[in-house]
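What follows is a short report on a single structure.
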Amino acid sequence: MSSVEIALKMELDAVEFYSKCAEKTKSPIGKKMFLSIADDERHHVACANKVVRGLGFDPSKNTPKQNMKTIFESNKNILSQKVTATTDDLEALTIAMKMEKDGVEFYRKAAAEASTPEEKAFFECLIKDEEEHYAIFENAHSLLSDTSNWFMWDEHAIYEG
């Protein structure tokens, strides 16, 4: 199995996992986040299929962080409230971070060993997107595990009291 075919399988697995996470989470923002990442992974699947067939690929016009910024901005009222998470939500985020980290490691190796410039560009695109996914999941984990500190550090809020 080639590195691109392995990447295709990894991305299909990610679509399935993130779709299931979206179904299970109770948080409307969590649902949107997981669905957005699943959409990114679907795009990666389409790109991998094109690379396998020698048809090139089209990087996404929007970055994962741009998509997430839109989701968070449109849900500021929910974020300003104390956000509670279930153990399942936090565990899903922990698993997601590991999946993304492992993916980046595999894609770095695959990029270094790519047999064509097209494959190398494809893997470099995946590395960038998966690193952004990791950062999104890490940020969400921080938000859900310690909301007040998340606002203080990530949003640079100043609390007076």
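The values are calculated or read from the model by the stated rules, or taken from the named source; none is laboratory data. All values derive from a computational prediction rather than experimental measurement. Reconstructed Cβ throughout: ideal geometry from the backbone, glycine too, with neighbour counts over all protein chains shown.
Looking across segment 90-118, just one residue is surrounded by 15 or more Cβ atoms within 10 Å (Cβ to Cβ) and either at positive phi or in a loop (DSSP other than H, G, I, E, B) (or both), and that is 114. Residues in segment 86-109: is at least one more than 19 Å from residue 21 (Cβ to Cβ) and at pLDDT below 90? No, segment 86-109 contains no residue that is more than 19 Å from residue 21 (Cβ to Cβ) and at pLDDT below 90. From the list 157, 121, the one residue that fits, being surrounded by fewer than 19 Cβ atoms within 10 Å (Cβ to Cβ), on the phi < 0 side of the Ramachandran plot and at pLDDT 90 or above, is 121. Number of residues in segment 9-28 that are part of a helix (DSSP H, G or I) and surrounded by fewer than 20 Cβ atoms within 10 Å (Cβ to Cβ): the value is 12. Taking the condition at pLDDT 85 or above and either exposed (fewer than 15 other Cβ atoms within 10 Å of the Cβ) or under 21 Å from residue 20 (Cβ atoms) (or both), does residue 131 pass? For residue 131, the condition - at pLDDT 85 or above and either exposed (fewer than 15 other Cβ atoms within 10 Å of the Cβ) or under 21 Å from residue 20 (Cβ atoms) (or both) - is not met.
Among the residues of segment 29-59, the one identified as among the polar types (S, T, N, Q) and surrounded by 17 or more Cβ atoms within 10 Å (Cβ to Cβ) is 36. In segment 1-35, the qualifying residues are those that are polar (S, T, N, Q) and modelled with pLDDT under 90, and the one that is farthest from residue 144 (Cα to Cα) is 2.
Just name the residue that is nearest to residue 11 (Cα to Cα) out of those in segment 113-127 that are without any contact (Cβ under 8 Å) to a residue 60 or more places away in the chain and not hydrophobic (A, V, I, L, M, F, W, C). Going through the qualifying residues, I end up with 124.
Checking the stated criteria, residue 65 turns out not to satisfy the condition of being farther than 17 Å from residue 6 by Cα and either modelled with pLDDT of 90 or more or more than 15 Å from the chain's Cα centre (by Cα) (or both).
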